[in-house]
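Structure, as structure tokens:
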Amino acid sequence: CPLCGPSRASLVRGQYAHALDHRTNNSGKAAYTRGFKGDYLSFRQQGFADDDFGRWMQDAGYHTVFVGKYINGPLTENARLHKGWDDFYHSRHGIYYGTPRFTNRFEINGSHENLPEGVYRTHAEGLDAARLIRRQAKNNQPLFLYFAPYGPHSATDASGGMVDEKFRKYWPNIKLPKGESYNEFHNSDKPPAYSQIPLMDSGTRTRIQLLYRQRMLATKSVDVAVGRILRALEETGRLQNTYLIVTSDNGFLMGHHRMMAKGISLTQATNVPMFVSGPGIPQNRVAGHLTAHIDIAPTLLDLAEIGRAHV
């Protein structure tokens, strides 16, 4: 499902959203959810937060680390550390500066904190992930890290925007790749919900171009964070024996078919890239077979040699 909440739920549980009864990003009280639920609270109440692939990997003897965004919805004051995660650093809300978090960095059962003023969210998450890898360097226990940065994602100017201050002057002339479907002139072959959307005016096209640059700059911060993680793995002697999987929770239309959206059944929203490297993985090979987020958890269990008993 090309929505972040259901997609992430499917990833951590290895089940489709309808099997989890987790189909939206919200509690189900809003009219547009049509009664479906999909927030963090409902996910936790059903027991999924204490029984996801972190728990399964922990049961297999792995030290488990989570850093970033978990499931949509606020962590309330009665939040607690989830079973299955030895280190749990959950960044909350859709903001990049002054981000509230729930971590067990200072208290064994976890506590609430806010990032210091001026500290960019993805920067802090990358540092945390690398530090936790290095902390385990003297431990022979295998390591499982789920790194889930929020960016690139929209954010209001009031929250500091989505771009790290040090990158805001980068790539002033970067251009959005448009392709044939950009502001599609003939779209009568689409269902009415799509074909009746008007052509984008110049103001909308300008906003999309601005958003594209912001998203690329936010991705730059993710790239830096991944670099920190790779260096930490290399310095601790783990890199050559580590499988790396890089993917996203959903795609996003940026002017494709006259839209700026996700959560719809079009290729740009439903298809996301996936990169895999590790022992025995051939270089530069492109695989064309169909996979989904539900495949990640059982694949990790197979790699950990504990089979598919949990899913």
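The values are calculated or read from the model by the stated rules, or taken from the named source; none is laboratory data. Quantities reported herein were computed from a predicted structural model and do not represent experimental measurements. Reconstructed Cβ throughout: ideal geometry from the backbone, glycine too, with neighbour counts over all protein chains shown. Each accessible area value is taken on the protein alone, full model and side chains, heavy atoms only, with ligands, DNA and RNA left out. Shrake-Rupley method; radii C 1.70, N 1.55, O 1.52, S 1.80 Å.
What the table shows:
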read-out: Projected label distance in nm at L244 and S277, using a 7 Å step from Cα toward the beta-carbon; value: 0.4
read-out: Solvent exposure of the stretch 175-257 as accessible area per residue, Å², 1.4 Å probe; value: 58
read-out: Overall Cα dimensions of the stretch 42-125, principal axis frame, Å, largest first; value: 39, 26, 20
read-out: Distance histogram in 10 Å bins (all Cα pairs of the stretch 65-205, percent per bin); value: 10, 30, 24, 19, 14, 4, 0
read-out: Among L143, P100, F167 - extreme Cα towards positive end, dipole of the chain, charges at beta-carbon; value: F167
read-out: Solvent-accessible area of R231 with every protein chain in place, 1.4 Å probe, in Å² to the nearest 10; value: 120
read-out: With 10 Å bins from 0: P(r) over the stretch 122-184, alpha-carbon pairs, percent; value: 15, 29, 28, 19, 8, 1
read-out: Sequence of I281, I71, I108 from largest to smallest accessible area, 1.4 Å probe; value: I108, I281, I71
read-out: Net lengthening on full extension, D50/H153 (0.36 nm per residue, minus Cα-Cα); value: 34.4 nm
read-out: Taking all pairs of distinct alpha-carbon atoms in the stretch 169-311, Kirkwood radius in angstrom; value: 18.5
read-out: Förster radius 45 Å - calculated FRET efficiency between K83 and M260 (Cβ-Cβ, nearest 0.05); value: 0.70
read-out: With all protein chains modelled, accessible area of L127 [1.4 Å, Å²]; value: 80
read-out: Range of Cα positions in the chain per principal axis (Å), largest first; value: 59, 46, 44
read-out: Nearby lysines by direct alpha-carbon distance to K190 (threshold 23 angstrom, same-chain neighbours under 8 apart not counted); value: K178, K262
read-out: Sparsely packed trypsin sites (Lys or Arg not before Pro) within the stretch 155-201, loop by DSSP, other Cβ within 10 Å at most 16; value: R168, K169, K175, K178
read-out: Candidates G47, G280, G61, ranked by Gaussian network fluctuation over the chain, Cα under 10 Å, top entry; value: G280
read-out: For the chain, share of DSSP beta bridges that run antiparallel, in % to the nearest 5; value: 60
read-out: Within the chain, helix-based [θ] at 222 nm, where runs of 4 or more DSSP H residues each add -39,500 (n - 2.57), nearest 500; value: -8500 deg cm²/dmol
read-out: Karplus 3J(HN,Hα) series, Hz, for the stretch 95-102 with 6.51 cos²θ - 1.76 cosθ + 1.60 (x for Gly, Pro); value: 10, 9, 10, x, 5, x, 9, 10
read-out: Most mobile listed residue (D21, D249, D87) in the chain, GNM with C-alpha springs under 10 Å; value: D21
read-out: Relative contact order, percent, the chain [alpha-carbon distance under 8 Å, six or more residues apart]; value: 19
read-out: Residues whose placed amide H lies under 5 Å from that of M260, excluding near-sequence neighbours; value: G255
read-out: Extended-chain gain in nm, criterion 0.36 nm per residue less alpha-carbon gap, Q209 and D21; value: 64.1 nm
read-out: Extent along principal axes [Cα atoms of the stretch 127-246; Å; largest to smallest]; value: 61, 34, 24
read-out: The stretch 197-311, accessible surface, carbon-and-sulfur percent (1.4 angstrom probe); value: 53
read-out: Calculated P(r) of the stretch 231-285 - Cα pairs past 14 Å, %; value: 64
read-out: Under 14 Å, Cβ to Cβ, from S91 - net charge with Lys/Arg +1 and Asp/Glu -1; value: +2
